[in-house]
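What follows is a set of notes on a single structure, which appears directly below.
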Amino acid sequence: MIIDSLKNIGKYEAICPGLQEAAAFLATLTPETEEKRYELSGDNYVSVQSYMTKSPDLCRFENHKRYTDVQFIIAGREWIHVSDVAGLTLLEDRYDTKDVAFYDAPETYSLADLTDGWFVILFPGEVHRPGGGPENAYANVKKAVVKLAF
């Protein structure tokens with residue numbers, strides 16, 4: 001997991017193929033950007049979405065095998081919990097159809113507390129629980145989820 005501000009994303013291009021093109025696209029996004037899927041080169045793409053955050057306990061831990069996620073907050077605040085997939089119990093396997101599987105909650109995890117202009121890079125094997133927010137401070141979030149083929 002890497003957490004940083006978009007202004008520093010260039011530091012990670014060498015370890016994350018496709019990140020340079022994705023970073024250039026992320027820099028163009030505003031709260032007015034249309035919510036839809038945007039194609040990048042190869043199998044890479046960006047999904048712009050918005051939703052209301054909720055209690056993290058209502059969100060699920062997920063993992064991907066084929067894609068690295070770059071989750072970028074355009075506007076708002078979101079909590080994303082992150083842990084290693086090793087030792088977790090698989091609850092639902094959709095790797096073949098959607099490149100996602102859901103796992104039980106780990107005993108310990110790290111917190112990525114993201115606000116406007118911040119991103120987290122999540123590599124395959126790093127389970128993450130997006131969509132959460134701080135108690136009594138749930139809010140609308142607009143974000144971009146970049147999928148970089150691994």
Would you be able to tell me the number of residues in the stretch 109-138 that are farther than 19 Å from residue 51 by Cβ, in a loop (DSSP other than H, G, I, E, B) and touching a Ser or Thr at 6+ places or on another chain (Cβ under 7 Å)? 3
Can you pull out every residue in the stretch 49-88 that is hydrophobic (A, V, I, L, M, F, W, C), surrounded by fewer than 18 Cβ atoms within 10 Å (Cβ to Cβ) and assigned to a strand (DSSP E or B)? 52
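For the condition more than 15 Å from residue 146 (Cα to Cα), touching a residue at least 60 places away in the same chain (Cβ under 8 Å), of a type in the set (Val, Ile, Thr) and out of contact with any His (no Cβ under 7 Å at 6 or more places or on another chain), what is the one hit in 68, 53?
53
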Out of the residues in the stretch 1-20 that are in a helix (DSSP H, G or I) and out of contact with any Gly (no Cβ under 9 Å at 6 or more places or on another chain), which is least open to solvent (accessible area, probe 1.4 Å)? 9
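Select from the stretch 21-48 the residues that are without any contact (Cβ under 8 Å) to a residue 12 or more places away in the chain and open to solvent by less than 70 Å² (accessible area, probe 1.4 Å) and list them in ascending order.
Scanning the stretch 21-48 gives a single hit, 24.
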Take residue 93 and decide whether it is among the charged types (D, E, K, R), over 30 Å from residue 8 (Cβ atoms) and either touching a Pro at 6+ places or on another chain (Cβ under 7 Å) or part of a strand (DSSP E or B) (or both). yes
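The values are calculated or read from the model by the stated rules, or taken from the named source; none is laboratory data. All values reported here derive from a predicted model rather than from experimental measurement. Cβ coordinates were reconstructed from backbone atoms using ideal geometry, including for glycine residues, and neighbour counts include every protein chain displayed. The area values use the complete protein model at the heavy-atom level, side chains included, leaving out ligands, DNA and RNA. Shrake-Rupley method; radii C 1.70, N 1.55, O 1.52, S 1.80 Å.
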